[in-house]
C-alpha cells in the first residue's frame, strides 16, 4: 500500500522543518507532498531545500493563497495521478504529532477514512485553555448531531483516506477553509464509508499564529446549516 502525506502550508517557516523531521522519525517509508500557497515568509523556499535533501518529499507551489480545501484537493489529484492508494491529511504546524501516525496507518487497510480524534477515549489536546476545549467539543458535538454523522471529532484535520473512495466525493465540494473537513466527513458518511476514529494528542502550535478567522467560522456555520437541511429533506450532496 502506497501512502502520501499531504501538508498544506502558508507562513509555516518556523514550524515546517521540525514537523517534517518528526514525521520521518515516526514513519520512514512514506512520501510527503508539501503544498505551499506562495508563503511570503519563505516557507516555499524552505520546503524546496527539504525536498532537495530527501527524495521522498515533493513540493507543489501554488501562485496564491486559495485556502485549505483547494490545497488538499490539489494534493489529492496529485496523489491520484501518481498511483497512491491512501492520502494522509496533516498540519504543518506540529499540531499533529508524527508519533501518532502509525496508529492511523495501521487501520487504513480495513477502512475508507481513519480520523485522528481528540474526542474518543485516550484522545485529547495539550496547550488549550478550558474555554477553548469546551468551545471545540461543543462545536463538534453540535455539527455531528445536526448532520447525523456520528463522528465525535468531525472537524479533525489529521486523517487517512482511501483514495479510490475519496476521489468520487470531491465533485461539488464547496468549502475552502476548515469547513472542508466537515464537508468531506459528511460526504464520507453519506457514501457509506467505513470510518473509524483513533485517539491522538493534539498539540497547540509552538510557532506562528492560528489561521482561524471569523470568515472561516462563518463558513463552517453556514455549511453545517446547509448540509443539515439537505439531510432533513434527503437532498443529494
**Request:** Return the total of residues in segment 63-90 being assigned to a loop (DSSP other than H, G, I, E, B), in contact with a strand residue (DSSP E or B) (Cβ under 6 Å, 6 or more places away or on another chain) and closer than 18 Å to residue 156 by Cα.
**Result:** 1
**Message:** Looking at segment 160-190 only, could you name the residues that are touching a strand residue (DSSP E or B) at 6+ places or on another chain (Cβ under 6 Å) and crowded, with 24+ Cβ neighbours inside 10 Å?
**Reply:** 160, 161
**Message:** Which residue is nearest to residue 83 (Cα to Cα), if the candidates are limited to segment 21-38 and must be in a loop (DSSP other than H, G, I, E, B) and under 19 Å from the mean Cα position of the chain (by Cα)?
**Reply:** 30
**Item:** Scope segment 9-18; condition surrounded by fewer than 22 Cβ atoms within 10 Å (Cβ to Cβ) and assigned to a helix (DSSP H, G or I); matching residues
**Value:** 17, 18
**Message:** Suppose the filter is assigned to a strand (DSSP E or B) and buried (at least 16 other Cβ atoms within 10 Å of the Cβ); does residue 60 pass it?
**Reply:** yes
**Asked** residue 69 versus (1) modelled with pLDDT of 95 or more; (2) touching a helix residue (DSSP H, G or I) at 6+ places or on another chain (Cβ under 9 Å); (3) buried (at least 18 other Cβ atoms within 10 Å of the Cβ): which is the lone unmet condition?
**Response** (1)
**Message:** Which of the numbered conditions does residue 48 fail, given that it passes all the others? Conditions: (1) in contact with a strand residue (DSSP E or B) (Cβ under 7 Å, 6 or more places away or on another chain); (2) surrounded by 21 or more Cβ atoms within 10 Å (Cβ to Cβ).
**Reply:** (2)
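Every residue, every condition in (1) touching a strand residue (DSSP E or B) at 6+ places or on another chain (Cβ under 6 Å); (2) surrounded by fewer than 17 Cβ atoms within 10 Å (Cβ to Cβ); (3) closer than 19 Å to residue 156 by Cβ; (4) modelled with pLDDT under 95, yes or no:
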position: 7; (1), (2), (3), (4): yes, no, yes, no
position: 21; (1), (2), (3), (4): no, yes, no, no
position: 28; (1), (2), (3), (4): no, yes, no, no
position: 31; (1), (2), (3), (4): yes, no, no, no
position: 37; (1), (2), (3), (4): no, no, no, no
**Item:** Residue ID - surrounded by the fewest Cβ atoms within 10 Å (Cβ to Cβ), chosen from residues in segment 140-159 that are part of a helix (DSSP H, G or I) and touching a residue at least 40 places away in the same chain (Cβ under 8 Å)
**Value:** 142
**Prompt:** Among 50, 104, 46, which is in a helix (DSSP H, G or I), modelled with pLDDT of 95 or more and within 23 Å of residue 188 (Cβ to Cβ)?
**Reply:** 104
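The values are calculated or read from the model by the stated rules, or taken from the named source; none is laboratory data. Not measured: the values here are computed from a predicted model. When we count neighbours, we look across all protein chains shown, and the Cβ atoms used for this are built from the backbone with ideal geometry, even at glycine.
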